[in-house]
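Every number here is computed from the coordinates shown, using simple stated rules; none is lab data. In this text, all values refer to a predicted model and were calculated from it rather than measured experimentally. Quick reminder, even Gly has a Cβ in these numbers, built from the backbone with ideal geometry, and neighbours come from all protein chains shown.
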Amino acid sequence: MADMELTGAEIVVRCLRDAGIKHVFGYPGGAVLDIYDAIYKQTAFEHILVRHEQAAVHAADAYARSTGQVGVAIVTSGPGATNAVTGIATAYMDSIPLVVISGQVPTAAIGQDAFQEVDTVGITRPCVKHNFLIKDVRDLAITLKKAFYIAATGRPGPVVVDVPKDITQHRCAYEYPASVSMRSYNPTGKGHAGQIKKAVQMLLEARRPMIYTGGGVVLGNAAPQVTDLVRTLGYPATSTLMGLGGYPAPDPLFLGMLGMHGTIEANMAMQHCDVLLAVGARFDDRVIGNPKHFSKEARRIIHIDVDPSSISKRVRVDVPIVGEVAQVLDEMLKLIQASTEQPDQAALKAWWTQIELWRAQDCLKYDRESALIKPQYVIEKLYEVTGGQAYITSDVGQHQMWAAQYYPFDQPRRWINSGGLGTMGFGLPAAMGVQMAHPDAQVACVTGEGSIQMNIQELSTCKEWKLPIKVILLNNGYLGMVRQWQEFFYEERYAESYMTSLPDFVKLAEAYGHVGIRVEKPEDVEPALRDAFGKYKDRLVFINFLTDPRENVFPMIPAGKGLSEMILV
Amino acid sequence: MRHILSLLMENESGALSRVSGLFSARGYNIESLTVAPTEDATLSRMTIVTRGSEDVIEQITKQLNKLIDVVKVQDLSDGSYIERELMLVKVRASGDLREEMKRLADIFRGRIIDVSDKTYTVELTGPGSKLDAFLQAVDPAAILETVRTGASGIGRGDRIMKI
């Protein structure tokens, strides 16, 4: 058997292969040299060399978001691990399944302030679902198996496995466990039958119902069930930023996104409903604003979530159901179809009449006659040119909200953005992850001139892998969302939100070997997009749209205010 | 409200920091925390005394359960339970004080476990309130040093936490 023994580095590679991993994003360094040597000798997966570790984690994260599979990143010890932290925290806040393998200094050097040593397990502890430090090569395979299991099950999340360099050199027999069970970790799948029955009863009794869906619907692959439920009942539905695509946005039963920049109809219906069904959503501050204001209106709440700690955290609910959202909704649908009871159609009709009045305010209208390029117009044209079928990644700020508002997603896993942490610099590496997973798909990164500069070095990775991403830069010269808050709440004192000396983005794109286009007039928007997705479809195209610098995102609920306290155009 | 939570967790390195980190990151308060391995060396038993509204305690319990290393969480204060804390207290014991300290220790069923010509070290166990009462009974100037373990708790009778 001795000749069957593998080094720790070889075990890492074999585990990734046996876990079915096809793409790994990473960056080498001293502590992971043995792992990279083992990667060099294998063909089971491709390794994508990024230009900064943060990008490796974002790319792996978006790979996971767009496929539903666990993303994998490898980084070295010390700065490799600290650079990865923003990516890990981003994945943690949005519950993305990820395994991050970090190198560590040799076991004997741990605690000695060795070169490129940091306490990776300590640093990442508050922003991972779980993490491990490997102390014995014989634990390596089982730990990696556990890491994949923990990352993907229950409420998903990132798992860090910290591997000291000497462990990657030690040898032992290799066996990848077929399954793993942990006495301390048993996520709930099936919801409680009694609670489900109660929920269905409550739903059917509703006179002003509302269905509110979140990222859990996308992560839990429950979009078909949500669609089925909403259409069976004919109830209005809304979605959080993270849940977009969980229900087909062009459908009239969909009221648009809710929350700080949600539509009037979604926010008002959320505030004034009498029965609320929350599915895989967590009532966070950007969604319901002030919980006290939200609770002023009496309503009964049913909440389905795989994570019990998300239930009754910010808002007390009446019927909590812990379980996989798809399974629970399946059960609910069965009961609804078998039920002889019907929702009160007259009440429902009156509710819809009210909703249509809100909807008639057309809160997403904007000035279509402007001589300046309106960012909303760019997104609408992007939707048209891509037939609504593109994967859209975004960074964080105004452009992110416009993309969410004006690109009606009709499928899950197409809208890839950092919702919880709000990480600028996410968009471009995320687009890389998506394009690697879906080589033939249209992938666009909607970004701002602030965000894009936070990971712009990845244009080089895109060149190496010939990724035909379209970078849609809505360039208003300002850190737009900061500028908007300063305009509204800081008496127009624009402190440090204006960037002078921006690079010539066309030349910059060309310097990296890509196509750059500058668009200054509204009439040139569509032709540029058509070129990007047509003539240059196999190239990365970087389009610098010079947009109206004073445009704001509406509606807007100021921080700390309630859902019915929106600022409108 | 004061609550006393009992946890069984994997006896892994870093497990304690996951729990204490959770409390500090989410702004929960810890009055005391004790931890040691159980008769099964792969498991540690932890007792946490905390304060909070019912909502906060519910969140704390859920968040603790969410930690991968945590096998079981029980709010002992949900039923009947016993709690004990150990205190070692070094007191001045010279002159008149020598007899008085001995008497006080006896009244509180403490044991004098170390003696010097000027001091006694008294070992006391009991609920935290009893230890507080002892400290209040002694002239503050006579207290030289106190060491308290924090509470350990266990359910009464058939109330057993095991896996």
Revision key, fill the gap. Quick calc: nm separation of the 7 Å Cα→Cβ label points for residue B:2 and residue A:207 -> 4.9 nm
Exercise for review: Express the Stokes-Einstein translational diffusion coefficient of segment A:284-378 in µm² s⁻¹, to the nearest whole number, given a Kirkwood radius over alpha-carbon pairs, 4 °C and a viscosity of 1.567 mPa s.
Suggested key: 73 µm²/s
Point to revise | Estimated FRET transfer efficiency when R0 is 35 angstrom, pair residue A:347-residue A:368 (beta carbons, to 0.05) | key: 0.40
Check your understanding: Between residue A:183 and residue A:339, what length in nm is gained on full extension when 0.36 nm per residue of separation is reduced by their alpha carbon distance?
Key -> 52.3 nm
Review point. Counting only DSSP beta bridges with both residues in the protein assembly as shown, what percent are antiparallel, rounded to the nearest 5?
Key: 45 percent
Exercise for review: Check the straight Cα-Cα distances from residue B:130 and name the aspartates and glutamates below 13 Å, setting aside those fewer than 8 residues away within the same chain.
Suggested key: B:83, B:85
Study note, to complete from the structure: With x for Gly and Pro, the residue-by-residue ³J(HN,Hα) of segment A:161-177, computed from phi through the Karplus equation 6.51 cos²θ - 1.76 cosθ + 1.60 at θ = phi - 60° and given in whole Hz, is 10, 9, 10, x, 4, 5, 5, 5, 9, 5, 10, 6, 5, 10, 8, 8, x
Point to revise | Euclidean distance between Cα centres, segment A:418-468 to segment B:100-163, Å | key: 63 Å
Revision key, fill the gap. Phi angles of segment A:20-28, converted by Karplus (6.51 cos²θ - 1.76 cosθ + 1.60, θ = phi - 60°) into ³J(HN,Hα) in whole Hz with x for Gly and Pro, give x, 6, 10, 9, 10, 9, x, 8, x
Practice item. Would you work out which of A:424, A:402, A:288 lies farthest towards the positive end of the dipole of the protein assembly as shown, given +1 charges on the beta-carbon of Lys and Arg and -1 on that of Asp and Glu, about the Cα centre? Key: A:288
**Study point:** 222 nm mean residue ellipticity, helices alone, for chain A (DSSP H n ≥ 4; -39,500 (n - 2.57); rounded to 500)
**Key:** -10500 deg cm²/dmol
Study note, to complete from the structure: Rounded to the nearest 0.05, FRET efficiency between residue B:133 and residue B:24 (Cβ-Cβ, R0 22 Å) equals 0.10
Check your understanding: When we measure straight from the Cα of residue A:381, which lysines land under 23 angstrom away, once same-chain ones fewer than 8 places off are left out?
Key -> A:365, A:470, A:521, A:535, A:537
Review point. Could you state the principal axis extents of the C-alpha atoms in chain B, from the largest down, to the nearest angstrom?
Key: 56, 34, 32
Review point. How much length is gained if the chain between residue A:384 and residue A:316 is pulled fully straight, taking 0.36 nm per residue apart and subtracting their Cα-Cα distance, in nm to one decimal?
Key: 20.3 nm
**Study point:** About the Cα centre, charge dipole magnitude for the protein assembly as shown (Lys/Arg +1, Asp/Glu -1 at Cβ), debye
**Key:** 1020 debye
Point to revise | Alpha-carbon Rg with Dmax, taken over segment A:441-514, Å | key: 14.8, 47
Review point. Around residue A:104, with a cut-off of 13 angstrom between Cβ atoms, what is the net charge of the other residues, counting Lys and Arg +1 and Asp and Glu -1?
Key: -3
Study note, to complete from the structure: The base-10 log of I(q)/I(0) that the Debye equation returns for the protein assembly as shown at q = 0.06 Å⁻¹, one scatterer per C-alpha, is -0.43
Review point. In straight Cα distance, which aspartates and glutamates are under 12 Å from residue A:561, not counting same-chain residues fewer than 8 positions off?
Key: A:285
Review point. Over 18 Å between Cα atoms, which of A:313/B:162; A:145/A:165; A:313/B:66; B:72/B:162 qualify?
Key: A:313/B:162; A:145/A:165
Point to revise | Distant-in-sequence amide H partners of residue A:542 (H built 1.01 Å from N, under 5 Å) | key: A:471, A:515, A:516, A:517
Check your understanding: Between A:514, A:482, A:542, whose Cα lies farthest towards the positive end of the dipole of segment A:440-542 when Lys and Arg beta carbons carry +1 and Asp and Glu beta carbons carry -1, centred on the Cα centre?
Key -> A:514
Exercise for review: Measure out, as a whole number of angstrom, how far apart the alpha-carbon centroids of segment A:152-229 and segment A:522-569 sit.
Suggested key: 34 Å
Study note, to complete from the structure: With x for Gly and Pro, the residue-by-residue ³J(HN,Hα) of segment A:272-288, computed from phi through the Karplus equation 6.51 cos²θ - 1.76 cosθ + 1.60 at θ = phi - 60° and given in whole Hz, is 9, 5, 9, 9, 10, 9, 9, 10, x, 9, 10, 6, 7, 5, 7, 9, 9
Revision key, fill the gap. Projected onto their principal axes, the Cα atoms of segment A:132-287 stretch, largest extent first, over whole-Å spans of 65, 36, 25
Review point. Taking the Cα centre of segment B:120-163 as origin and charging only Cβ (+1 Lys, Arg; -1 Asp, Glu), how large is the dipole, in debye to the nearest 20?
Key: 360 debye
Review point. Long-range amide H contacts for residue A:213: which residues qualify at under 5 Å (H placed 1.01 Å from N, peptide plane, sequence gap of 5 or more or a different chain)?
Key: A:238, A:239, A:240, A:279
